Protein chains: 2
Amino acid sequence: MTQVETGTTVFGDRLVDLVDRRRSQLVLGLDPVVELLPVELHGDAGDVPEARADAVARFCRGLIDAAAPVCVAVKPQLAFFETLGHHGMRAFEDACAYAREAGLLVIADAKRGDIGSTARAYAAAYVEPRDGGPPVADAITINPYLGRESVEPFLGAAKRYGSGLFVLAKTSNDGSADVQDLRLRDGEVVWQNVARLAREWGEGHVGEHGLSSVGLVIGATYPRAVGEARRLCPQQVFLLPGIGAQGAGPADVARAFTSGPASALVAVSRSIDYAFRVRGGDWRAAARLEATRLRDEIWAVSGW
Amino acid sequence: MTQVETGTTVFGDRLVDLVDRRRSQLVLGLDPVVELLPVELHGDAGDVPEARADAVARFCRGLIDAAAPVCVAVKPQLAFFETLGHHGMRAFEDACAYAREAGLLVIADAKRGDIGSTARAYAAAYVEPRDGGPPVADAITINPYLGRESVEPFLGAAKRYGSGLFVLAKTSNDGSADVQDLRLRDGEVVWQNVARLAREWGEGHVGEHGLSSVGLVIGATYPRAVGEARRLCPQQVFLLPGIGAQGAGPADVARAFTSGPASALVAVSRSIDYAFRVRGGDWRAAARLEATRLRDEIWAVSGW
């Protein structure tokens, strides 16, 4: 039951294998901002859109070269590519392909969510084979506000192509309480209800190792929510942002790993991408050092 | 107070002026699907990404030529462009620029929503001047799940550039109840609370004519929600999808217009874009006829 139609493996099992081989739960977040890049990359880009996108593509390739050996996946944040227009989307596609060649899974941080017919187009854009090639990404983040209908096409892709999806439950930002912490009549808050919905959506998508293709995004900045989500959703893979620039540390996510070493992924973006701005020296070496340090710390707290 | 820094006018006032001059509240939705295009456009595109994107760009230009005289805005749905990769995003940018030249407002149907630093990148991508030119779009749809923080950068753009934003409240799809209709402890449902939050976020962004730059998306498929939202949010412009392919008719949105003729916009996509598949004949003429019919019906029910 864990083989999908094409003969590839369900997402949860792919992850178990990869985490086991690499002994890492670290996800390299790609948040490229031209003005923050090393001068050697953006020095002569000026305001030329193609040159700015080229600088971003080179930055992403350099980070992937540096950090790939200690990571299991990359998580490009689409906003930072979209802000460079269609040139930026070319850089996004380049980064995804380059990461795949490096043996990393690609998690498109898109936070898309739309009505059924539109959600089908988003699934085709990101987690289905396109233009005669493989899917751009192995997994995608999804906003649940439009309900089950908005995840259906991604469930179809999970079955057919072994892709994964991560439903936003409790996000890492200060303002996440505005909607996610609204108290429901039955005593739960909105994000807890969303977590239970994601668990339902993920039934029938659980791999041999007990992990579902439908995961959750839970902010590491809310350690109590991490534990609570794990209690509600033992079979969901958690994608945990918020460590580093957003203020959380590896110890804050320990409880996420009680369902196994691959049951949680820790996404770190700015503090790896821009490690050179703190550590000095070569930007790739700085990224590698920071990623290695985080990989080790996270592996230790995961208790495996 | 209604002049923004650059000397342009706040979004609500721009809309009042445009609706008054055009006597229309119709928004041309652009949902281009290559396989559904007229054969003359996609006939020889095959699987070549550039050719598919070119066909989409020509389709959008033709629809804009045909429908612009009876519309106030276009609403390109980003998913249908993203599914063609960076070539598709080039077609998106082309359609937006072409619509602006035709005197239409551009509402990017992006449904983005992210943490503050990422939301800033989305604002820069869609509603702020880019690459030395004007913003790609005049307004954008926003998913509220991440809270006020995710709309802040768009509020900044509203002040500086006169742009608008439409916060998803009650969406048009069948599955919208899953999260949006969850009952809160205080008796409201989630979308009603979101509508009140959007009203708060829009304070300080109200134009001379009493309309806020922060609007709401309310599905025309839920007429009771339309009336209820109007009661909660008298100063919000409503963007109303759901008429046509999704099953609602102009009469379902009458109550949205009680705050004035420009207080609601009706977005119709598939039944205009693909009118030729029902009516036959030239695809542009069919789109024009269907748009004209809808414009007239909507203006009549608006009661102005």
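In the range B:224-243, the count of residues that are closer than 25 Å to B:LEU30 by Cβ, open to solvent by 10 Å² or more (accessible area, probe 1.4 Å) and touching a helix residue (DSSP H, G or I) at 6+ places or on another chain (Cβ under 6 Å) is zero.
Just give me the residues in the range B:211-261 being within 17 Å of B:ILE140 (Cα to Cα) and among the aliphatic types (A, V, I, L, M), in sequence order.
Filtering the range B:211-261 for residues within 17 Å of B:ILE140 (Cα to Cα) gives B:211-219, B:236-241.
Hits for the range B:211-261 are B:LEU211, B:VAL214, B:LEU216, B:VAL217, B:ILE218, B:VAL237, B:LEU239, B:LEU240.
Taking the range A:49-77, which residues are of a type in the set (Lys, Arg) and either open to solvent by less than 10 Å² (accessible area, probe 1.4 Å) or touching a Gly at 6+ places or on another chain (Cβ under 9 Å) (or both)? The answer is A:ARG52, A:LYS75.
I need every pair where a residue in the range A:9-24 that is in contact (Cβ under 8 Å) with a residue 24 or more places away in the chain has its Cβ under 7 Å from the Cβ of a residue that is among the charged types (D, E, K, R), sequence separation at least 6 or different chains. That search, which allows pairs on different chains as well, returns A:ASP13/A:GLU208; A:SER24/A:ARG295. Of A:ALA300, A:ALA195, A:ALA286, all but one fail to be out of contact with any Cys (no Cβ under 6 Å at 6 or more places or on another chain), touching a residue at least 24 places away in the same chain (Cβ under 8 Å) and in a helix (DSSP H, G or I); the exception is A:ALA300. Of all residues in the range B:127-164, those being more than 18 Å from A:ARG112 (Cα to Cα), more than 7 Å from chain A (Cβ to nearest Cβ) and assigned to a loop (DSSP other than H, G, I, E, B) number 10.
Do we find that A:PRO144 is within 30 Å of B:ASP47 (Cα to Cα), modelled with pLDDT of 95 or more and within 20 Å of the chain's Cα centre (by Cα) in this structure? Here the answer is no, as A:PRO144 does not meet what is asked. Scanning the range A:178-191 for residues being out of contact with any strand residue (DSSP E or B) (no Cβ under 8 Å at 6 or more places or on another chain), under 23 Å from A:ALA256 (Cβ atoms) and more than 7 Å from chain B (Cβ to nearest Cβ) gives a total of 1.
Scanning the range B:89-126 for residues that are of a type outside the set (S, T, N, Q), under 21 Å from A:ALA91 (Cβ atoms), facing another protein chain (nearest Cβ under 8 Å) and touching a helix residue (DSSP H, G or I) at 6+ places or on another chain (Cβ under 7 Å) yields B:MET89, B:ARG90, B:PHE92, B:GLU93, B:ARG112, B:ASP114, B:ALA119, B:ALA121, B:TYR122, B:ALA125. Within the range B:95-121, the set of residues being part of a loop (DSSP other than H, G, I, E, B) and among the aliphatic types (A, V, I, L, M) comprises B:ALA102, B:LEU104, B:ILE115. Kindly indicate whether B:PHE80 is among the aromatic types (Phe, Trp, Tyr), part of a helix (DSSP H, G or I) and open to solvent by less than 10 Å² (accessible area, probe 1.4 Å). No: the conditions fail for B:PHE80.
The values are calculated or read from the model by the stated rules, or taken from the named source; none is laboratory data. Quick caveat: nothing in here was measured; it's all calculated off a predicted structure. Counting neighbours? That spans all protein chains shown, and the Cβs are built from the backbone with ideal geometry, glycine included. Note: areas computed on protein heavy atoms with side chains; ligands, DNA, RNA excluded. Shrake-Rupley method; radii C 1.70, N 1.55, O 1.52, S 1.80 Å.
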